[in-house]
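First the structure, in the form of structure tokens, and then the observations on it.
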């Protein structure tokens, strides 16, 4: 039976732990320059409606290092760009590929693909969630803290897709998520309801400083995501006071780490001094996209 990973909740607690363990093992093998062709002769189709740096490169390199092959599929180069229905594309791609990763503007597009594909479908990003990013984030937290279940993770900024997946992941990891966003840019009520139903620990903070109080992890992301560029001026005004800077960090735990999923707009959601500072684990976090996604592919495709 095929497995799709459209949401971080599509992995159980034990499965998530297994993926992170595999990722750690693959990371060690890579650093020792050991071959690990676990997915020889496997193929991954990668559909990109949105531009990408980390998602494309990490999946493409990951499949190569696992002994498989990845194909970059631009909708403009496919018949999708000429009006072919996603369900038809899904059926055809399933005859050729071992799995499909898609980075889409709308979550419903990914759901439609998964509904008709007969091979695993992975959400590489949608307007609702970014589960692959959160796998790398959890891996990074475990590298720095070991057990993550008692951590307090503060999200400062936009209640976007990464924030949604982080909130939902609390139901699988046990850590507390404190969310500080302007009310207009709060996480969707449906996401909060799903997280609460799954047992997540969520606290809505009224200010960034309240969210950061003794927090172990401080996480932020751009205020202007792809597709919201026309709202730039309104967003910059709304997020005044939400910049993660050195003064704000004083409220967090002395040993706190700072995360950002990138790309960063320095001087807006985070200052140059913080992202380049000693508390920043942003580059480890970015590297772990490769290892976590390799592990997810192994989990889905290795028999």
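Give me the one-decimal Kirkwood hydrodynamic radius in Å for region 115-187, with the sum taken over alpha-carbon pairs.
13.3 Å
Once both labels are positioned 7 Å from their Cα atoms along Cα-to-Cβ, the gap between residue 186 and residue 29 label points is 4.6 nm. Which residue, 88, 233, 147, has the most motion in a Gaussian network model of the chain that connects Cα atoms within less than 10 Å? Sorting by GNM fluctuation, first place goes to 233. Taking the number of Cβ atoms within 10 Å of each Cβ as an exposure proxy, the fewest-first ranking of 242, 185 is 185, 242. Indicate the gyration tensor shape class of region 143-236 (rounded, prolate or oblate), computed on the Cα atoms with a ≥ b ≥ c the square roots of the eigenvalues: a/c under 1.5 is rounded; otherwise a/b larger than b/c is prolate and the rest oblate. Because a/c hits 1.5 or more and a/b exceeds b/c, region 143-236 counts as prolate. For a label point 7 angstrom out from the Cα of residue 284 toward its Cβ, which stretches of region 27-61 have the backbone nitrogen within less than 18 Å? So the set is 27-32. Divided by 2.2 N^0.38 Å, where N counts the residues, the Cα radius of gyration of region 13-157 comes to 1.14. Kindly identify region 1-68 as rounded, prolate or oblate by the Cα gyration tensor criterion: order the square roots of the eigenvalues as a ≥ b ≥ c, call it rounded if a/c is under 1.5, otherwise compare a/b with b/c, prolate if a/b is larger, else oblate. Note, shape of region 1-68 comes out oblate. Per residue of the chain, the DSSP helices (runs of n ≥ 4 H) give a summed -39500 (n - 2.57) that works out to -13000 deg cm²/dmol at 222 nm.
Largest first and in whole Å, the equivalent-ellipsoid semi-axes of region 71-150 read 31, 13, 11, each the square root of five times a Cα gyration tensor eigenvalue.
Sorting the segments 255-262, 274-281 by their mean number of nearby beta carbons within 10 angstrom, highest to lowest, gives 255-262, 274-281.
The angle separating the long axis of helix 282-301 from the principal Cα axis of greatest extent in the chain is about 30 degrees. Classify region 184-285 as rounded, prolate or oblate, taking a ≥ b ≥ c as the square roots of the eigenvalues of its Cα gyration tensor: rounded when a/c is under 1.5, otherwise prolate if a/b is larger than b/c and oblate if not. Oblate. Here each label is just a point 7 Å from Cα along the line to Cβ, and for residue 198 and residue 21 those points are 2.1 nm apart. The distance between label points at residue 147 and residue 1 comes to 3.3 nm (points 7 Å beyond Cα on the Cα→Cβ vector). For the pair residue 105 and residue 255 in one chain, pulling the backbone fully straight at 0.36 nm per residue adds 50.3 nm over the alpha carbon distance.
In plain terms, the residue of 291, 106 with the fewest other Cβ atoms within 10 Å comes first and the most crowded comes last, giving 106, 291. Note: relative contact order over the chain, using C-alpha pairs below 8 Å and six or more positions apart, is 20 percent. So how far, in whole Å, is the C-alpha centre of region 122-147 from the one of region 10-78? So the separation of the two Cα centres works out to 14 Å.
Read-outs throughout are calculated quantities, based only on the coordinates presented, and are distinct from any laboratory measurement. Bear in mind the structure is a predicted one, so any value in this text is a computation, not a measurement. Please note: Cβ atoms are built from the backbone with ideal geometry, for glycine as well, and neighbour counts cover all protein chains shown.
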